[in-house]
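The values are calculated or read from the model by the stated rules, or taken from the named source; none is laboratory data. Bear in mind that the values here come from a model prediction, so they are computed numbers and not experimental data. Cβ: placed from backbone, ideal geometry, glycine included. Neighbour counts: every protein chain shown.
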Amino acid sequence: MNKGWTGFNIASVVIGFAFLYLPIVILVIYSFNASQLVTVWGGFSTRWYGQLFSNRGLLDAAWVTLRVGLLSATVATILGTLAAVALTRYTRFRGRVLFTGMVYAPLVMPEVITGLSLLLLFVAIDFDRGFWTVTLAHVTFSMCFVAVVVQSRLLSFDRSLEEAAMDLGATPARTFLFVTLPVVWPAVIAGWMLAFTLSLDDLVIASFTSGPGATTLPMKIYSQVRLGVTPEINAVCTILVGLVTLGVITATLVNKRREVKKSREGELAMA
Amino acid sequence: MKTQSLGSIRKSFAPWADPSEKPLIRFENVTKTFDGFTAVDDLSLDIYTREFFALLGASGCGKSTLLRMLAGFERPTKGRIVLDGEDLTGIPPYRRPVNMMFQSYALFPHMSVAKNIAFGLKQDGMAKSEREDRIAEVLKLVKMERFANRKPDQLSGGQQQRVALARSLAKRPKVLLLDEPLGALDKKLREETQFELTDLQYDLGMTFIMVTHDQEEAMTMADRIAVMDQGHIRQIGTPPEIYEAPSSRFVADFVGSVNIFEGKVAKKTGERVTLETPSGGVIEADNGGAAEAGSTAWYAVRPEKLIISAEPLDGPNVFSGEVWEIAYIGDMTLFHLKLDDGSILRVSMVNRARSSPLQLTWHERAWASFAPDAGLVLVR
Amino acid sequence: MAASGMGKGVFRRVAIGLPYLWLLALFLIPFLIVLKISVSTIATAIPPYTPTFGDISTWLDGIRQFTFENYLWIASDSLYITSYLESLKIAAISTVLTLAIGYPLAYGMARAPQRMKPLLLMLVILPFWTSFLIRVYAWIGILKPEGLLNQFLFFLGVIDAPLIITNTPVAIYIGIVYSYLPFMVLPIFANLDKMDGRLLEAAADLGSTPLRAFWTITFPLSLRGVLAGAFLVFIPAVGEFVIPDLLGGSRTLMIGKTLWMEFFNNRDWPVSSAVAIILLLILVVPIVIFQRIQDRQEASR
């Protein structure tokens, strides 16, 4: 369907993307605004970025968020990948319906309910709220996203590869480790990145499950945003947007280079 | 039946005919059901050492399930499989002394050719030097030495097929299982590879079991063929037995092309029977030992066993009809005669000369006939 | 089929057991606790409900104290009913608006030259990776009375008094449409992209005008993508908290926000639990429909 790249189609794409990107672009521009008044342009300045690095609270929150993100994404990736294997490879076990339900439910569960229920659990078992409770909470909902990402790759996976490995003498665990995992690795990485960004991004669940001393960056931003737009927050947001963009572009380039390398090797091999 | 005269191609090799020979593999009353669907139904089968055995059937006939049960990917619902005196029930695929070549080849995409072959050897804890010798040996066997460091996606289909074969041979299994081994190759390559595989099997002295839906492939390669249908084996035999002495209408029809006449056994003297077809035709047939006088029987005769003529013919078993279709295939010409009762009689004629002496064309009357021993009387 | 192939060994036990236990402990049990607390009575102690879970023996007492009081309370207070209805209304309107913007975008992308598609797709997905909070926050600066939009409109001379958009439902619509647009675009694009272009050629060949062909061929065939996109927007929008809180101001009630307030400001845990349970019951209907559509899509593939 590449016919009909008409004026109308180009216009809808351009307008759509303008809508998606303009607010972020404006935010980035105004983070370099010298004026204290956020909506009045007062010339170019990086003073807000300078101020950020002396804002102890913000830096602490960023550090907490990073630690929670790295840890929860890693645990969620392990658990989510195992769950995906269980869902696709073991069609029969006791409680499979409940298991499937529990993997999918958090995907559609409103965050307020997930947060509320986890908080009530931590209170009920008298678990001190802080870094660990936020991490546990993040693992729980992001592992389900990882499971879905890895599952879709496992479904399109040629099952005879696993059978071949076992036929050649590899136990199920070795088959998983040396054949299945390497083949679905890109999906596992994508799952990890998704889990990591979900954790970095989360405000609601963290607000419920966090405790004193474990304020995450979104919580910090939120409490300041409620008081109004400040150039400093613009600067924080710009840094975050920049990091994400950098990450996505790097990932894309690495992928592309690998593909190019592969096809070149292929051409050489065929020659 | 005259099966004695239709022996194996390798005349001296027929362990199945020797009662003192012990089978290498025994399927004993094996049944496999999937959610109420019976894929394999109370099936027993013996396969002997050094045999090239083919399981032939349409998709869904249970042939792949049989192979997968032997490999250990499926567990029989009932019955057991014995390999070399050892009951395989409960032994997982990774502990069975059989290896499989997969239809999709199932080459590990993230490993080089050499690593693919090394994979199975590593699982056995084979020492590195020995492993390398073995890899070199099997690569030489399939003529792929130069490709050891390629990744599977840098190989052509035929090359991938060779690597898959090398990988499954590397562990020197007691039995090699081949699931549609040539299914993904184009016609020319397939024909070449058929002979290579049989030569290889003969030279290595290994036991091969192949699953295929392609009768030509089975006939070319196998010592014995089992024709399968709906979870049952309809007939086991050497390729000539299957083709020339099918035991039922199903097998006759499944393997090759055939004309089948239905009739009542009007007269029986020893092997010679006279069949009367419902439309009044009379067939004189040899090989009628199994048919009983007065019962319904069928006469099966292959198109190439008939002769066709534009003039009336003498003798028994002459049928006349209108030339309905003519298909010139090159090496032969296929005629469809529409008989007076409306049925179609297929006759094929080898084109020995570049121009046919037979000047028949559409809608003309023609005569076809066959000798009493050209076909076979079937009671099933 | 291959269940037997993978065996019933240690690996299988780990692959099923670990995530299973984790989800039981941190998803199912917490949910049951919410259910239980929603039928408990409020107390002023901390935790602010009775009975506590400190002692297993009190669990039985809890069941004896079983009450529907919280649910009755919700049913009798117009604040909650308004919140539920308002949430559904705002989610529905936002879904329609998202479709109105998302469909042309997806359509344009599907018709783009083949080599541009990966880039366009990445541009749609990229905002996913940017913080939700930041994306909502970005709109505050634009929409507020002295914000950029009003400045711009003043500059053009279109208005002479600032438009009041923040703290109204309009701001929420904008926020939801903006935040969830990729969820709408992706399934529609996926559907349109794999559509056989020859269908339209066939339609034209049979005498259909392009517009007619769109409504009789393209749109019906993309309906599954549209439905999937609509549910992917509608379901999370109903329970949304951040957008109504930051853009909607205090006068707009949405249930996610009401629950948050009930919990953090009023500290009435039993009522907020009951609010959560009812919200889930409301969402079950669209979720089940969505699942059906997904399953049918799976099956048709």
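General observations
- The stretch A:56-113, subset within 18 Å of A:ILE221 (Cα to Cα) and of a type in the set (Lys, Arg), residue modelled with the highest pLDDT: A:ARG67
- Search result, residues across the stretch B:208-219 that are of a type in the set (S, T, N, Q) and surrounded by fewer than 22 Cβ atoms within 10 Å (Cβ to Cβ): B:GLN215
- Check on B:MET69, in a strand (DSSP E or B) and within 14 Å of another protein chain (Cβ to nearest Cβ): no
- So B:ASP41, is it without any contact (Cβ under 8 Å) to a residue 12 or more places away in the chain and either surrounded by fewer than 23 Cβ atoms within 10 Å (Cβ to Cβ) or assigned by TED's automatic domain parsing to the domain that holds B:ASP18 (or both): no
- Selection of the stretch B:200-242 for residues being part of a loop (DSSP other than H, G, I, E, B) and among the aliphatic types (A, V, I, L, M) yields B:MET206, B:ALA222.
- Residue in the stretch A:56-67 that is surrounded by 15 or more Cβ atoms within 10 Å (Cβ to Cβ), in a helix (DSSP H, G or I), touching a Phe, Trp or Tyr at 6+ places or on another chain (Cβ under 9 Å) and more than 7 Å from chain C (Cβ to nearest Cβ) present: yes
- Contacts under 8 angstrom Cβ, first residue in the stretch C:122-133 being within 15 Å of A:THR252 (Cβ to Cβ), partner among the polar types (S, T, N, Q) and surrounded by fewer than 19 Cβ atoms within 10 Å (Cβ to Cβ), 6 or more apart: C:MET122/A:THR252; C:LEU126/A:THR245
- The lone exception for C:TRP139 - which of (1) within 21 Å of C:VAL185 (Cα to Cα); (2) surrounded by fewer than 20 Cβ atoms within 10 Å (Cβ to Cβ); (3) among the hydrophobic types (A, V, I, L, M, F, W, C) it fails: (2)
- Hits in the stretch A:123-140 - residues which are modelled with pLDDT under 90 and assigned to a helix (DSSP H, G or I): A:VAL123, A:ALA124
- Residue check, B:VAL251 in a helix (DSSP H, G or I) and either in contact (Cβ under 8 Å) with a residue 24 or more places away in the chain or over 15 Å from the mean Cα position of the chain (by Cα) (or both): yes
- Residue check: B:PHE147 meets all listed conditions (1) touching a residue at least 40 places away in the same chain (Cβ under 8 Å); (2) farther than 30 Å from B:GLU244 by Cα; (3) touching a helix residue (DSSP H, G or I) at 6+ places or on another chain (Cβ under 8 Å) but one, namely (1).
- Subset of the stretch B:31-51 [closer than 24 Å to A:MET166 by Cα, of a type in the set (A, V, I, L, M, F, W, C) and either in a loop (DSSP other than H, G, I, E, B) or touching a strand residue (DSSP E or B) at 6+ places or on another chain (Cβ under 8 Å) (or both)]: B:ALA39, B:VAL40, B:ILE47
- Test result for B:ARG167, part of a loop (DSSP other than H, G, I, E, B), within 14 Å of chain A (Cβ to nearest Cβ) and charged (D, E, K, R): no
- Test result for A:GLN51, part of a helix (DSSP H, G or I), at pLDDT below 85, exposed (fewer than 15 other Cβ atoms within 10 Å of the Cβ) and not β-branched (Val, Ile, Thr): yes
- Where a residue in the stretch C:208-220 is under 15 Å from C:ALA106 (Cα atoms) and free of Cβ contacts under 8 Å to residues at least 24 places away in the same chain and its partner, wherever it lies, is among the basic types (Lys, Arg) and surrounded by 14 or more Cβ atoms within 10 Å (Cβ to Cβ), with Cβ under 8 Å and at least six apart: none
- Single residue of the stretch A:25-36 satisfying the filter (hydrophobic (A, V, I, L, M, F, W, C) and in contact with a helix residue (DSSP H, G or I) (Cβ under 6 Å, 6 or more places away or on another chain)) that is farthest from C:TYR178 (Cα to Cα): A:VAL28
- Positions within the stretch B:76-98 being within 29 Å of B:ALA166 (Cβ to Cβ) and charged (D, E, K, R), in sequence order: B:ASP84, B:GLU86, B:ARG95, B:ARG96
- Any hit, the stretch C:209-223, residues being in a loop (DSSP other than H, G, I, E, B), away from chain A (no Cβ under 13 Å) and surrounded by fewer than 17 Cβ atoms within 10 Å (Cβ to Cβ): yes
- Hits in the stretch A:182-214 - residues which are of a type in the set (Val, Ile, Thr) and either in contact with a strand residue (DSSP E or B) (Cβ under 8 Å, 6 or more places away or on another chain) or under 19 Å from A:PHE141 (Cα atoms) (or both): A:VAL188, A:ILE189, A:THR197, A:VAL204, A:ILE205, A:THR209
- Residues in the stretch A:183-229 that are outside any helix (DSSP H, G or I), surrounded by fewer than 20 Cβ atoms within 10 Å (Cβ to Cβ) and within 10 Å of another protein chain (Cβ to nearest Cβ): A:ARG226, A:GLY228.
- If the condition is being of a type in the set (Gly, Ala, Ser) and farther than 25 Å from A:VAL134 by Cα, then the stretch A:42-91 contributes A:GLY42, A:GLY43, A:SER45, A:GLY50, A:SER54, A:ALA86.
- Residue list for the stretch B:78-130, filter: in contact with a helix residue (DSSP H, G or I) (Cβ under 7 Å, 6 or more places away or on another chain), within 30 Å of B:ASP41 (Cα to Cα) and not in a loop (DSSP other than H, G, I, E, B): B:ILE81, B:PRO93, B:TYR94, B:VAL98, B:ASN99, B:MET100, B:MET101
- Of residues in the stretch A:83-98 being facing chain C (nearest Cβ under 7 Å) and surrounded by 13 or more Cβ atoms within 10 Å (Cβ to Cβ), the one nearest to the chain's Cα centre (by Cα): A:ALA83
- Where helices (runs of 4 or more DSSP H) fall wholly inside the stretch C:1-116, the ranges with 2 or more residues that are more than 10 Å from every other protein chain (Cβ to nearest Cβ) and either surrounded by 19 or more Cβ atoms within 10 Å (Cβ to Cβ) or at pLDDT below 85 (or both) are C:58-64, C:69-76, C:78-110.
- Residue match in the stretch A:81-101 (condition: under 30 Å from C:LYS144 (Cβ atoms) and touching a residue at least 24 places away in the same chain (Cβ under 8 Å)): no
- Some residue of the stretch A:147-159 being outside any helix (DSSP H, G or I) and either facing chain B (nearest Cβ under 8 Å) or surrounded by 20 or more Cβ atoms within 10 Å (Cβ to Cβ) (or both): yes
- Selection status of B:LEU185, under 20 Å from the mean Cα position of the chain (by Cα), within 13 Å of another protein chain (Cβ to nearest Cβ) and under 18 Å from B:MET210 (Cα atoms): no
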